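Working notes for the structure below.
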Amino acid sequence: MDHKFAAQLYTVREQLKEEGIRPVFKKLKEMGWAGVQISALPKDYDLNEVALALKESDLQAAGMHVSLTRIKNDLKGVLREADLYGTKDIILPFVAEDLRHPETYKEIKELLNEAAKKASEYRFSYHNHAFEFDIEIDGQDALRYMLDPSDDNQISAEIDVYWLKKAGKDPLTYIAPYANRMPIIHLKDMTNDHRQTFAEVGEGIIDFIPILQWGERNGVEWYAVEQDVCEGPPLECLETSLRNLKKIAKQAGQIVR
């Protein structure tokens with residue numbers, strides 16, 4: 001399973017700006033990551049430099065987080081960039097606060113489905129936070145609406161288990177409908193205190209063993225670890241998450257359920 005573990009670059013966004021793309025990618029590879037999820041690159045980054053950093057470090061691209069504006073206005077450019085990095089996964093990571101309305105979500109769902117039809121060799125996914133559960137569309141929360149696992153909906157899931165937990169949902173129960181519809185899942189842990197804030201994988205209260213077991217049975221190709229805010233140096237936090245994740249994966253493989 002280790003070959004499916006990817007570091008989400010949002011975790012090291014400041015390091016990418018301060019140290020550079022290639023040095024950070026090199027450190028992540030030396031740490032033991034198999035891939036990185038492209039996100040939060042420095043402003044005016046060089047696409048060719050990112051591609052070179054992937055090649056030099058022998059890292060795979062575990063999808064790209066792409067803004068709604070780019071998907072809407074520069075889909076061809078997005079696809080060219082994905083090709084350069086060797087990934088077929090395009091993920092919408094966030095919906096701005098002023099757009100979080102039922103009608104807007106309907107428009108976004110239509111946009112992503114249209115993109116998926118135009119570029120059928122790529123996969124378009126939606127990444128959640130907790131705010132989707134505050135929005136009701138056609139009798140269901142906005143996340144269920146976006147990820148409806150029906151044949152006529154081409155949007156794949158990129159579920160973030162921390163944000164499910166933050167919203168009071170059981171992650172394992174919530175992801176069940178997305179068997180073979182979630183190529184990438186986001187893993188992050190939650191502190192065991194009143195703050196319920198971000199923690200390194202394996203250092204908090206989320207039970208990852210059944211989540212990994214579900215993922216192996218149901219088509220998950222990448223387990224992307226993201227820590228939005230780190231209380232220690234971000235690279236050290238990622239190292240802790242990877243070390244713990246490898247132990248959890250070993251346990252998951254030993255337990256028969």
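The values are calculated or read from the model by the stated rules, or taken from the named source; none is laboratory data. In this text, all values refer to a predicted model and were calculated from it rather than measured experimentally. Positions of Cβ are generated from backbone atoms using ideal geometry, with glycine treated the same way; all protein chains shown enter the neighbour counts. What goes into the accessible areas is simple: the full protein's heavy atoms, side chains included, and nothing from ligands, DNA or RNA. Shrake-Rupley method; radii C 1.70, N 1.55, O 1.52, S 1.80 Å.
Quick one: in region 143-188, of everything that is among the β-branched types (Val, Ile, Thr) and farther than 16 Å from VAL220 by Cβ, which residue is most open to solvent (accessible area, probe 1.4 Å)?
Going residue by residue through region 143-188, those that are among the β-branched types (Val, Ile, Thr) are 155, 159, 161, 173, 175, 184-185.
Pick out the ones that are also farther than 16 Å from VAL220 by Cβ and you get 155, 173.
Numbers: ILE155: 2, THR173: 96 Å².
Out of the qualifying residues, it is THR173.
Which one of THR104, THR69 is open to solvent by 50 Å² or more (accessible area, probe 1.4 Å), part of a helix (DSSP H, G or I) and either over 16 Å from LEU9 (Cβ atoms) or in contact with a Gly (Cβ under 9 Å, 6 or more places away or on another chain) (or both)?
Within the list THR104, THR69, the selection yields THR69.
LYS43 versus (1) open to solvent by 30 Å² or more (accessible area, probe 1.4 Å); (2) in a loop (DSSP other than H, G, I, E, B); (3) under 28 Å from ASN218 (Cβ atoms): which is the lone unmet condition?
LYS43 satisfies every listed condition except (3).
Looking at this structure, is SER120 in contact (Cβ under 8 Å) with a residue 60 or more places away in the chain, under 19 Å from SER150 (Cα atoms) and out of contact with any helix residue (DSSP H, G or I) (no Cβ under 8 Å at 6 or more places or on another chain)?
Considered against the rule, which asks whether it is in contact (Cβ under 8 Å) with a residue 60 or more places away in the chain, under 19 Å from SER150 (Cα atoms) and out of contact with any helix residue (DSSP H, G or I) (no Cβ under 8 Å at 6 or more places or on another chain), SER120 comes out as no.
Among the residues of region 214-229, write down those that are surrounded by 19 or more Cβ atoms within 10 Å (Cβ to Cβ), out of contact with any strand residue (DSSP E or B) (no Cβ under 6 Å at 6 or more places or on another chain) and closer than 20 Å to LYS29 by Cα.
Residues satisfying the conditions do not exist here.
Yes or no: region 191-205 includes at least one residue that is touching a residue at least 24 places away in the same chain (Cβ under 8 Å), β-branched (Val, Ile, Thr), farther than 19 Å from VAL12 by Cβ and open to solvent by less than 20 Å² (accessible area, probe 1.4 Å). Walk me through how you get there before you give the answer.
Pass one, region 191-205, residues touching a residue at least 24 places away in the same chain (Cβ under 8 Å): 196-203, 205.
Subsequent filtering for residues that are β-branched (Val, Ile, Thr) retains 197, 201, 205.
Among the residues that remain, those that are also farther than 19 Å from VAL12 by Cβ are: 205.
Still in the list and also open to solvent by less than 20 Å² (accessible area, probe 1.4 Å): none.
No.
Would you confirm, using the coordinates I've provided, whether ALA116 is closer than 28 Å to LYS17 by Cβ and either in contact with a strand residue (DSSP E or B) (Cβ under 8 Å, 6 or more places away or on another chain) or part of a helix (DSSP H, G or I) (or both)? So that I can check it myself, show each step before the final result.
Numbers: closer than 28 Å to LYS17 by Cβ: no; either in contact with a strand residue (DSSP E or B) (Cβ under 8 Å, 6 or more places away or on another chain) or part of a helix (DSSP H, G or I) (or both): yes.
Against the criterion (closer than 28 Å to LYS17 by Cβ and either in contact with a strand residue (DSSP E or B) (Cβ under 8 Å, 6 or more places away or on another chain) or part of a helix (DSSP H, G or I) (or both)), ALA116 does not qualify.
Return the residues of region 115-128 that are open to solvent by 30 Å² or more (accessible area, probe 1.4 Å) and under 20 Å from the mean Cα position of the chain (by Cα); say none if nothing qualifies. Don't jump to the end; show me each part of the working.
Let us first name the residues in region 115-128 that are open to solvent by 30 Å² or more (accessible area, probe 1.4 Å), namely 117-118, 120-121, 123.
Selection gives GLU121, ARG123.
Taking the residues in region 72-101 that are open to solvent by 50 Å² or more (accessible area, probe 1.4 Å), in a helix (DSSP H, G or I) and among the acidic types (Asp, Glu) as candidates, determine which candidate is nearest to LEU28 (Cα to Cα). I'd like the intermediate steps shown before the answer.
Within region 72-101, the subset open to solvent by 50 Å² or more (accessible area, probe 1.4 Å) is 72-74, 76, 80, 83-84, 86, 88, 94, 97-101.
Retained after the next criterion (residues that are in a helix (DSSP H, G or I)): 72-73, 76, 80, 83-84, 97-99.
Still in the running and among the acidic types (Asp, Glu): 83, 97-98.
Working: ASP83: 22, GLU97: 32, ASP98: 35 Å.
For region 72-101, the residue satisfying everything is ASP83.
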